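Student: Have a look at this one.
The values are calculated or read from the model by the stated rules, or taken from the named source; none is laboratory data. These numbers were taken from a predicted model, which means no experiment stands behind them. No Cβ is skipped: glycine too gets one built from the backbone with ideal geometry, and neighbour counts run over all protein chains shown.
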Amino acid sequence: MKQADIILIGGGASGLCAAIEAKRTKPEASVLLLEHLPKVGKKILATGNGRCNLGNLNAHTHDYTNKAFVNGVFSQASTRNLCDFFRSLGLYTRADSEGRLYPLSNTAASVLDALRFECTHLGVEILCDTHVEKVKKSNGGFVLNDCFFARRLIVCCGGCAAPSQGSDGSGYALLRSLGHTVTPTKPSLVQLTTDTAKIRALKGVRATAKLTLSTGGETAGEVLFTDYGLSGIAAMDLSRYVLPNRKAAVTLDFLPDFSRQELTEMLGTLCRRNSALPGENMLTGLVPKALGSAVLKDCLGAVPQTVGTIQPNEFCKIAHALKAFSLTLTGTKGYRDAQVTAG
Ligand SMILES: Cc1cc2nc3c(=O)[nH]c(=O)nc-3n(C[C@H](O)[C@H](O)[C@H](O)COP(=O)(O)OP(=O)(O)OC[C@H]3O[C@@H](n4cnc5c(N)ncnc54)[C@H](O)[C@@H]3O)c2cc1C
């Protein structure tokens, strides 16, 4: 039986960082990391569109629902600590205008390299192609797969999100077998699926909007219309509020800075000034052209030939549709496409 003072299951971001910290804290301890994929850190390479968004200088407890838990994490590991940690690996970071931290190299591969090289430098042993399917307590330690013995065990198997990158949820079964309780989980930071009748012509169109879920929750930012529903950061952010098996609607406000009254007046003025303006161009000063047409179809049934044919009482309807474009939510794209597991 192979023995180690500390065994880590899972060679993702958390497993690699934990292995480094374990070895730095207890240099004399033998540290063994077990990973079931052929290589460690596969998911890291996919993060931040291949750039790896390492953290955010503006991260604050009020951004999270479980503030007490997050407080505990931030007090021990602030974003500054994170930058110091990566600097200690020779990896420097840069923040964009919204405080998002990226490696100076702008490539996720350099984050993985820095973690891997530090593991090698410190003498962390990494064993790939090793799936841990069984763990039990024994002799003051842990026996894994009947062939590894660890005095201490760190489970870093990730959740269920993006299983093609290794996190197949098997870590939860291991933890349950050790007596831990696993709270219900759900896919999060994932695309929303909706009724697509209204948005069929909008595939690939991007817009900014405030999104509100009828069962509670709102976000703001970019949305991308797709053939299954909504993607883009605002839609993916909203996924954390989606309640499984509950009917809901997503309402998009494309012009949150204007009241419905203001918009009604603006549209009236625009149409009176140039009544020959083609209907499909009516809203191009406010939203992308294709979206403008979808909004007009939604509230008037069709895009008018010219704006001069629009009745005065219809400006209010158009303003409403721009501020409350509603789609029936059918669910999310699930764990396969999710970036994180909530729970
Ligand atoms: C497309 C995408 C983009 C993302 N972008 C960002 C971003 O820019 N910034 C950010 O902060 N987060 C981002 N995330 C989220 C981030 O990648 C994860 O939160 C993070 O990687 C989780 O790290 P982890 O080590 O906990 O789990 P994982 O990265 O899932 O690692 C778990 C590891 O354990 C292994 N494993 C699992 N079970 C076993 C087992 N039984 N035996 C042996 N090995 C096992 C897996 O193969 C895997 O290597 C993104 C996620 C995705 C999918």
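Student: Out of 37, 45, 16, report the one residue that is near the ligand (Cβ under 9 Å from one of its atoms), in contact (Cβ under 8 Å) with a residue 24 or more places away in the chain and in a helix (DSSP H, G or I).
Tutor: Going through 37, 45, 16 in turn, just one is near the ligand (Cβ under 9 Å from one of its atoms), in contact (Cβ under 8 Å) with a residue 24 or more places away in the chain and in a helix (DSSP H, G or I): 16.
Student: When the stretch 238-259 is examined, which residues are found to be over 29 Å from residue 334 (Cα atoms) and surrounded by 19 or more Cβ atoms within 10 Å (Cβ to Cβ)?
Tutor: 255
Student: Could you please let me know if residue 295 is part of a helix (DSSP H, G or I) and either buried (at least 20 other Cβ atoms within 10 Å of the Cβ) or assigned by TED's automatic domain parsing to the domain that holds residue 166 (or both)?
Tutor: Yes.
Student: Among the residues of the stretch 97-105, is there at least one that is in the same structural domain as residue 57 (by TED's automatic domain parsing), within 9 Å of the ligand (Cβ to nearest atom) and polar (S, T, N, Q)?
Tutor: Checking the stretch 97-105: not a single residue is in the same structural domain as residue 57 (by TED's automatic domain parsing), within 9 Å of the ligand (Cβ to nearest atom) and polar (S, T, N, Q).
Student: If residue 200 passes every condition in (1) within 16 Å of the ligand (Cβ to nearest atom); (2) at pLDDT below 95 but one, which one does it miss?
Tutor: So the condition that residue 200 fails would be (1).
Student: For the stretch 43-64, state whether one or more residues are closer than 26 Å to residue 127 by Cα and among the charged types (D, E, K, R).
Tutor: Looking through the stretch 43-64, at least one residue is closer than 26 Å to residue 127 by Cα and among the charged types (D, E, K, R).
Student: Would you check if residue 21 is part of a loop (DSSP other than H, G, I, E, B), more than 9 Å from the ligand (Cβ to nearest atom) and modelled with pLDDT of 95 or more?
Tutor: Criteria not met by residue 21.
Student: Give the stretch 71-99 a look and list any residue that's part of a strand (DSSP E or B) and surrounded by 18 or more Cβ atoms within 10 Å (Cβ to Cβ), or say none. So that I can check it myself, show each step before the final result.
Tutor: Within the stretch 71-99, the first condition is being part of a strand (DSSP E or B), and the residues that meet it are 93-95.
Listed by number, the list holds a single entry, 93.
Student: Take residue 88 and decide whether it is farther than 19 Å from residue 16 by Cα and assigned by TED's automatic domain parsing to the domain that holds residue 15.
Tutor: Taking the combined requirement at face value, the residue does not satisfy it.
Student: Among what's in the stretch 111-145 and is touching a Gly at 6+ places or on another chain (Cβ under 9 Å) and assigned to a loop (DSSP other than H, G, I, E, B), pick the residue that is surrounded by the most Cβ atoms within 10 Å (Cβ to Cβ).
Tutor: Ranking the candidates gives 132 first.
For (1) under 21 Å from residue 17 (Cα atoms); (2) small (Gly, Ala, Ser), each residue gets a yes or a no:
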{"residue": "137", "(1), (2)": "no, no"}
{"residue": "145", "(1), (2)": "no, no"}
{"residue": "152", "(1), (2)": "yes, no"}
{"residue": "156", "(1), (2)": "yes, no"}
{"residue": "175", "(1), (2)": "yes, no"}
{"residue": "185", "(1), (2)": "no, no"}
{"residue": "198", "(1), (2)": "no, no"}
{"residue": "201", "(1), (2)": "no, yes"}
{"residue": "204", "(1), (2)": "no, yes"}
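Residue-by-condition table, conditions (1) of a type in the set (A, V, I, L, M); (2) more than 16 Å from the ligand (Cβ to nearest atom); (3) free of Cβ contacts under 8 Å to residues at least 40 places away in the same chain:
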residue: 281; (1), (2), (3): no, yes, yes
residue: 291; (1), (2), (3): yes, yes, no
residue: 326; (1), (2), (3): no, yes, no
residue: 342; (1), (2), (3): yes, no, no
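Student: To continue, here is another question. With the requirement that a residue be outside any helix (DSSP H, G or I) and either more than 13 Å from residue 327 (Cα to Cα) or without any contact (Cβ under 8 Å) to a residue 24 or more places away in the chain (or both), what does the stretch 194-214 give you?
Tutor: Once the filter is applied, which keeps residues that are outside any helix (DSSP H, G or I) and either more than 13 Å from residue 327 (Cα to Cα) or without any contact (Cβ under 8 Å) to a residue 24 or more places away in the chain (or both), the stretch 194-214 yields 203, 204, 205, 206, 207, 208, 209, 210.
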